[in-house]
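Okay, so here's the structure we're looking at.
What follows is calculated from the coordinates using simple rules that are stated; it is not laboratory data. All figures in this text were calculated on a predicted structure; none of them were measured in a lab. Here the Cβ positions follow ideal geometry from the backbone for every residue, glycine too, while neighbour counts run over all protein chains shown.
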Amino acid sequence: MTTPHTPPGPVRSRSRGIGGVLIAVYGVLALAATGRSFVQIVTKFDHAPVAYLLSALSAVVYIIATIALLRGGPVWYRVAWWTISFELLGVLVVGLLSIFDGQLFPSDTVWSVFGRGYLFIPLVLPVLGMVWLSTRGREREGSD
């Protein structure tokens, strides 16, 4: 039974424990990347447009991933997998490119040097997200 102050079902169970920490970190990264890209695009877009647009793209990915991890159901589960997979690919590609050809990114993005400016959290977070999602998928299959 739920009270008027507790969310029903999947949202409540997802926001507890390790899943809650994961979702909170995704939410913080979503806010940080959104703020960073907004300021960069508004104040100095001509300096490094590709880098700033990549920061904005990462913000969108983190926002969608946060929502998908919070929501329940098979559609959001797939959305979470797609966004987190895209995030990992983005971190790896941008990370490698920023190391081997620094001229491509005259200013850092969220994913530059594998998220160095964010304590490498952008590199570790999608891996943890995938582990958590695979665990949640097994739990879901077991309950069907």
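Summary of values
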{"item": "Estimated inter-spin distance, S85 and V39, nm [label 7 Å along Cα→Cβ]", "result": "3.5"}
{"item": "L96-H47 FRET efficiency (beta carbon distance; Förster radius 22 Å; 0.05 resolution)", "result": "0.45"}
{"item": "Square roots of 5 times each gyration tensor eigenvalue, C-alpha, the range 14-139, largest first, Å", "result": "27, 15, 11"}
{"item": "Whole-Hz couplings from phi, Karplus 6.51/-1.76/1.60, listed for the range 61-72; x for Gly and Pro", "result": "4, 5, 5, 5, 4, 4, 4, 5, 5, 6, 7, x"}
